[in-house]
Amino acid sequence: MRAKKVANKVGNKVTAILKQSLWIGLCLAAAAVDLRAAVACEVSTSGVPFGSFDVINNESRDTLVSLTMSCTGKIGESARYTIALSQGTNPSVTRAMRSGAGHLRYNLYSDSARTHIWGDGTSGSSTVGGNLTIGALPTTRVFTIYGRIPDGQQVAEAGAYTDSISVLVSY
């Protein structure tokens, strides 16, 4: 799934909006795959507005994203899964939306205290995982991604700020 963040500056405020379009990366984490017992998963997210980011008052802006994973397969089949989020287009642990030469830092977390960066398991980030057993109906898990645009930023340029995040589900 690719998530796009768009920001518009209105007066002294930057409005950041998280939009998503479906892009699923699936990776089977087994050397040999029995296609009769294969688990297939789909991932979707909700569009989430960061709201206004006031560069004068310079306060953090928090938001929530729902990520839903729905899996089907052979009834009773169990699978261990891991969900990783890419770093986006910024190569550091702190993600950034960009507009020309300007950038607006943000990050995505797996906890409400926003202390555990949800990433790919590198550079101090962690993934989210668990186990599931396929039932008669699709087996669904809902996760919350906690977003934050931190305070202390100087946004010098008005424009559309964007970044792309990929979700990789391994099982």
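The values are calculated or read from the model by the stated rules, or taken from the named source; none is laboratory data. Since the model is a prediction, treat every value here as computed from it, not as a measurement. Cβ placement follows ideal geometry from the backbone for every residue including glycine, while neighbour counts extend to all protein chains displayed.
Values as computed for the structure displayed
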read-out: Checklist (1) farther than 18 Å from SER60 by Cβ; (2) assigned to a loop (DSSP other than H, G, I, E, B) applied to VAL142, failing item; value: (2)
read-out: Among (1) among the hydrophobic types (A, V, I, L, M, F, W, C); (2) closer than 22 Å to THR45 by Cα; (3) part of a loop (DSSP other than H, G, I, E, B), the one test that VAL155 misses; value: (2)
read-out: Residue selected from the stretch 55-110 under the condition surrounded by fewer than 13 Cβ atoms within 10 Å (Cβ to Cβ) and among the hydrophobic types (A, V, I, L, M, F, W, C), by the criterion farthest from THR140 (Cα to Cα); value: ILE56
read-out: From ARG148, ARG105, residue being touching a residue at least 12 places away in the same chain (Cβ under 8 Å), in contact with a Phe, Trp or Tyr (Cβ under 8 Å, 6 or more places away or on another chain) and not aromatic (Phe, Trp, Tyr); value: ARG148
read-out: Sole residue being modelled with pLDDT under 70 and of a type in the set (A, V, I, L, M, F, W, C), chosen from ALA29, ALA96, ALA84, ALA40; value: ALA29
read-out: Spans of strands (runs of 3 or more DSSP E) in the stretch 49-136 with at least 2 residues closer than 22 Å to VAL39 by Cβ and under 20 Å from the mean Cα position of the chain (by Cα); value: 61-72, 78-85, 128-133
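Condition check ((1) modelled with pLDDT of 95 or more; (2) farther than 26 Å from GLU77 by Cβ; (3) out of contact with any strand residue (DSSP E or B) (no Cβ under 8 Å at 6 or more places or on another chain); (4) crowded, with 17+ Cβ neighbours inside 10 Å) across all residues:
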| site | (1), (2), (3), (4) |
| --- | --- |
| SER123 | no, yes, yes, no |
| GLY129 | yes, no, no, no |
| GLY152 | no, yes, yes, no |
| VAL167 | no, no, no, yes |
